[in-house]
1. Criterion first (assigned to a strand (DSSP E or B) and touching a residue at least 24 places away in the same chain (Cβ under 8 Å)) does R370 satisfy it?
2. Restricting the search to segment 191-237, which residues are of a type outside the set (S, T, Y), farther than 20 Å from L156 by Cα and touching a helix residue (DSSP H, G or I) at 6+ places or on another chain (Cβ under 7 Å)?
3. Please identify the pairs in which a residue from segment 80-102 that is over 24 Å from T21 (Cβ atoms) has its Cβ atom under 9 Å from the Cβ atom of a residue that is hydroxyl-bearing (S, T, Y), counting only partners at least 6 apart or on another chain.
4. Quick one: which residue in N258, N290 is crowded, with 22+ Cβ neighbours inside 10 Å and either assigned by TED's automatic domain parsing to the domain that holds F358 or free of Cβ contacts under 8 Å to residues at least 12 places away in the same chain (or both)?
5. Under 7 Å between Cβ atoms, which residue pairs at least 6 apart in sequence (or on different chains) link something in segment 442-458 that is under 18 Å from R175 (Cβ atoms) with a partner that is assigned to a strand (DSSP E or B)?
6. In this structure, does V367 turn out to be crowded, with 22+ Cβ neighbours inside 10 Å and farther than 23 Å from I447 by Cβ?
7. Out of (1) among the aromatic types (F, W, Y); (2) at pLDDT 95 or above; (3) within 25 Å of Y240 (Cβ to Cβ), the odd one out for F401 is which?
Amino acid sequence: MSGFFGVASKKDCMFDLFFGTDYHSHLGTKRGGLAVYGESGFDRAIHNIENAPFRTKFERDFEKMKGTHGIGCISDNEPQPLLVRSHLGNFAIATVGRINNTDELVHRAFAAGTTHFLEMSGGNINATELAAALINRGSTITEGIRYAQSVIDGSLSVLLLTQDGIYAARDRMGRTPVVIGKKQGARCVAFESFSYLNLGYEHARELGPGEIAFITADADETVSPALDTTRICTFLWVYYGYPASSYEGLSVEQMRYNCGDMLARRDHTDADSVAGLPDSGSAHAIGYANRSRIPLARPFVKYTPTWPRSFMPQNQTRRDLIAHMKLIPVDGMIRGKRLILIDDSLVRGTQMRGTADFLYRNGAKEVHIRLACPPLLFGCPYLNFSRSDSEMELIARRKVFELEGNADKDLEKYIDPDTAQHAAMVEAVRRELGFTTLKYHRLDDMIGSTGLPPCKFCTYCWNGKK
């Protein structure tokens, strides 16, 4: 994933921009960037944040950059924001999303007269640069954003900074959020709705799917209306959204609590305690414990001062190492105990297997794993949520292959939680990872935990439906 933040203010915006962008650090992996517009024109800074936090890398830029308008980005991969000079004027641009048809779009750009693209290390095209080239096909910025979103296979949300203000555009299917905050003399725009609260902003509104707004210090104006269909990513609530955020009016923390409650309603496991795998499993565990009346406990504590989030590093072995090294056992809460452990999801299974082994080595009598979402059977084509290069890296899909000799056979039966095929797949996962028992959340219960219409959510990674 990636995240962005923008500010339009009547005075210098750097304080708000710096800390608002930093509040998106949980979404990014590789690079951070800031761009501002002030009396001296555009200024920009980009740094690698793999080995040091955003604040540390940008402290000097924070002191020297000045401007009344600015955008910032925490990026999974490509350097951004980019500065662009075009027939639409000078602007800075940051994007969140994924482009699957890069080769096709680059060919179109060359055919239309775009002379070159700057390659990133490794020979890839910068997705934000490609988005800018597509936007420049329009006669106006609004028209260009609409065009880019119409031809991109994947998703695209945009912040585009001009000398007059900020264009904010939400993905045409609303797969990622774009929210606006306001205070006296300033407006902000963000991915995460909590990111502006400590900066004195109050919530103004959330853009609809495909909506484009132009934001100044005094107002936000819709320059292209929202479309009719929303398919927001459900994993925002289940996993990678920050607990203090809300999307579509629904609190992340509340939805996770509801998920745990619903899990407990269908479970009758006898255990000594319930624990959430920190951090995203914690609220699920509270909901489960309150419903089941099994005591909530912390069989391990998380050591975070020097360890990044375990999903961040590109290398799987390093991700597993980080996940393991952060967890410190609490012997009295583990030894001889029957534990229910709740996590948000199970992707490849390597980290969860390590966690179960960790608990057994520290004396756990039983380890019952409960997951807050259904089995992942499809790789996400819309966002860079999973780093899987192939669907065969997904442990549930691998088990379908082992059971059927064909990873694509009878998938509908494996998706349905009431079939023998689904039960066989879950049991195969349990055996490989060594859990005492394993249960996944049902898709209908997970969506029911939101209280919102099922048609608003993207559930492709669980059922393959676009």
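The values are calculated or read from the model by the stated rules, or taken from the named source; none is laboratory data. Just so it is clear, the structure is predicted and the values come from calculations on it, not from any experiment. No Cβ is skipped: glycine too gets one built from the backbone with ideal geometry, and neighbour counts run over all protein chains shown.
1. Criteria met by R370.
2. L199, H203
3. That search, which allows pairs on different chains as well, returns H87/S139; L88/S139; L88/T140; L88/T162; N100/Y382.
4. On the way: N290 fails: crowded, with 22+ Cβ neighbours inside 10 Å.
Result of the check over N258, N290: N258.
5. I447/F457; T450/L250; L452/L250; K456/I232; F457/I232; C458/I232; C458/C233
6. When the stated conditions are applied, V367 passes them.
7. Result: F401 passes all but (3).
Residue-by-condition table, conditions (1) under 16 Å from R170 (Cα atoms); (2) assigned to a loop (DSSP other than H, G, I, E, B); (3) among the charged types (D, E, K, R); (4) not assigned by TED's automatic domain parsing to the domain that holds D171:
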{"position": "F194", "(1), (2), (3), (4)": "no, no, no, no"}
{"position": "N198", "(1), (2), (3), (4)": "no, no, no, no"}
{"position": "R205", "(1), (2), (3), (4)": "yes, no, yes, no"}
{"position": "G208", "(1), (2), (3), (4)": "yes, yes, no, no"}
{"position": "V223", "(1), (2), (3), (4)": "yes, no, no, no"}
{"position": "A226", "(1), (2), (3), (4)": "yes, yes, no, no"}
{"position": "W237", "(1), (2), (3), (4)": "no, no, no, yes"}
